[in-house]
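The structure appears right after this line, and notes come after that.
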Amino acid sequence: MKRAVSLLISPRLPAAVLAVFFLIYCVAAFGAEEPLLVLMKLTRENLPLLLVLALLPLNAALRLLSGLRSMGSRLRVMRGGGRGEIPGGIFAEEVTIGAGADLGLVKERLAGEGFAVRGDASSLAAWRGVPFIPLHRLGALLIFSGILLSLAWRQSIKLPAIEGEPLAWPAGGGALVEKIGLQESDGAILSRTLAIHLRDAGGGRTVCGIYPPARYAGAYVYPRYLGIAPFLRFKAPGMEREMESYFLISIYPPGKEDFAVIPGTPYRIGLSIAPPLPEEDPFISGRMELAVRILKGDELLQAGTVPLGGRLAGKGSELSFLGLRRYVATDLVMDHGFLPVWGGVACYLLAVFICLPLRIFLPRVEMILVLRDGMTHTAFRSEEFGTKRGGLYHELLDSIEKGRSDH
C-alpha cells in the first residue's frame, strides 16, 4: 500500500503519463490529418485511457495535500517552540550533534539575523520570511481536472443563431434571436465584439463577446463565423415553379463568396457582400448590398449588384432579394472543465506574480534546535535560491561542533 501511494505521489508520474499520450499522438500523426482530435476521441471513448489520464489530477491532489500537511506540521512545531520530538519528513535536513548547544547564544545570533525566535532552555524554533503557498500545485490540480472533465463529459452541438428564429439548445432554452450585430468595443485586444440579443419568457438579454465565451442555457457559446440569411425569390428556365426561401450564406467579411444551391436544378447563386464604404461595416450599419452571380452549372448567366428589395434578371432567369436576416454559426458546448482549467491558469498567474516574488525577496527559512540526552537535535528547511540556502544553518552546526571539540 505504501509503495502504491509513493508511486501515485511521485513527481515523475506526470511525465510518465504525458509520455504515454505523446506516444499515442505520434502514432496517430502517421495516419490522420488531425492527430490531436484523434487522441481526444480515443481518450474519450476508452476507459483505460481515461483512467491513465485521471492519474494526473490524482497525483496533483496528493502532492498538494502532502505539501499542505507538511506546512501545517511545521507551523505547529514553530508555534510550539520546537518542544518534544521533531516530526520526521517535514524538514529538508535533520542533523544530530553529540554536544549540547548554548541556546542563549544561538537565539541572540538568529535574532540579529532577523529571525523570529520562540523556545525555552531546552528547545528553540526560529523562522523568517513568508511561507511559499503551493498555488502552482493547486493550478496543476485544476488544469488536469478540467482536461479530464472536458474529455469525459463534454457535449457539443452546432447551431445557427438566426435573427427571428429560436436558438433551440436540446438541454433547454429556446430563446428568440432578436438581433445579431457587431458592436464597437473598448477591449484591450478586439475593437469590435459580437452581440446576440435574445428574448425568452424571462425577458431579454444580450450574449456578448467571442472569448471568453458567453453562457446560454447552461452551455458556452462559441461563435465560429458570421453570415447572412437572405430571402430569395428565383425562377429560371426548366424550373417547375418559382422558388422562395431563406439561405444560410457564409459571406462575412465583405469579399468572401458563398453559394446558394437551388435544390433539384443545375442553378447556383454566388453571393458576396458588395464592398461597403471604407469607414463602414455592414454588420454594424445594417446597410448591405449583395454582389450576385447566377450560374447554370459552370455557365455564368448573369452578374450584378442587388440591394435589399431589388432584382436581377437576364437570360430567362430572375432573382429578387426580398429580405435579409443575419446569423451566426455557433458551437454550443456543455463543458464542465472550462472553469477548472481557467481557475488553474489564474493560480499559475498568482504564483508567478505574487508567490514567486515573495519567495525571491522574503524566502522562508525555518530551523529547530532541541537539547535532549546531552545532544543537540536540529532540523532545517529553506526556500532560498542559490548559494544562500542553508549557509547560516551550517555555520551554527559548525560552531556547535567547534564548541564540542574545544571541550
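The HN-Hα couplings worked out from phi for segment 29-40 by the Karplus form 6.51 cos²θ - 1.76 cosθ + 1.60 (θ = phi - 60°) are 5, 6, x, 9, 6, 10, x, 5, 5, 4, 4, 5 Hz, whole numbers, x standing for Gly and Pro. Computed on the chain, with alpha-carbon pairs under 8 angstrom and 6+ residues apart, the relative contact order is 21 percent.
For LYS158, which lysines qualify as cross-link partners when the Cα separation must be under 26 Å and same-chain residues fewer than eight apart are set aside? LYS158 reaches LYS41, LYS179, LYS256.
When a 1.4 Å probe is rolled over the protein heavy atoms, the share of accessible surface on segment 227-326 that falls to carbon and sulfur comes to 51 percent.
Anyone know which of LEU142, LEU332, LEU308 comes out most mobile in the 10 Å Cα GNM of the chain? In the Gaussian network model the winner is LEU308.
Pairs of Cα atoms in the chain fall into 10 Å distance bins, from 0 up to the last occupied one, in shares of 4, 15, 17, 16, 14, 11, 9, 6, 5, 3, 1, 0 percent.
Compute the distance from the alpha-carbon center of segment 65-139 to that of segment 8-33, in whole Å. Answer, in whole Å: 40.
Amide H contacts of ARG224 (H built 1.01 Å from N, in plane; Pro and chain starts excluded): ALA329, THR330, ASP331 sit under 5 Å, all sequence-distant by 5 or more or on other chains. Let me test this: with uniform point scatterers at the alpha carbons of segment 227-326, what is the Debye-based log₁₀ I(q)/I(0) at q = 0.16, 0.18, 0.24 1/Å? The calculated log intensity ratios at q = 0.16, 0.18, 0.24 Å⁻¹ are -0.62, -0.78, -1.36. Since only ILE162, PHE21, GLY374 are under comparison, the one whose Cα sits farthest along the positive direction of the charge dipole of the chain, derived from C-beta charges on Lys, Arg, Asp and Glu, is GLY374. Taken one residue at a time, the phi angles of segment 122-136 give Karplus couplings (6.51, -1.76, 1.60, θ = phi - 60°) of 10, 8, 8, 10, 9, 7, 8, x, 10, x, 7, 7, x, 5, 5 Hz. Gly and Pro are set to x. Rolling a 1.4 Å probe over the heavy atoms of the protein chains gives the chain an accessible area of 55 Å² per residue. Placing a pseudo-label 7 Å from each Cα along the Cα-to-Cβ vector at SER6 and LEU350 gives an inter-label distance of 3.4 nm. Modelled label positions at ASP398 and PHE385, each set 7 Å beyond Cα in the direction of Cβ, lie 2.5 nm from each other. Taking amide H positions as modeled 1.01 Å from N, with prolines and chain starts lacking one, the residues under 5 Å from SER123 and 5 or more places away or on another chain are LEU371. Taking amide H positions as modeled 1.01 Å from N, with prolines and chain starts lacking one, the residues under 5 Å from GLU289 and 5 or more places away or on another chain are ALA274.
The values are calculated or read from the model by the stated rules, or taken from the named source; none is laboratory data. None of these values were measured; they are calculated from a predicted model. Neighbour counts are summed over all protein chains in view; Cβ atoms, including those assigned to glycine, are modelled from backbone coordinates with ideal geometry. Ligands, DNA and RNA are excluded from the accessible area calculation, which covers all protein heavy atoms including side chains. Shrake-Rupley method; radii C 1.70, N 1.55, O 1.52, S 1.80 Å.
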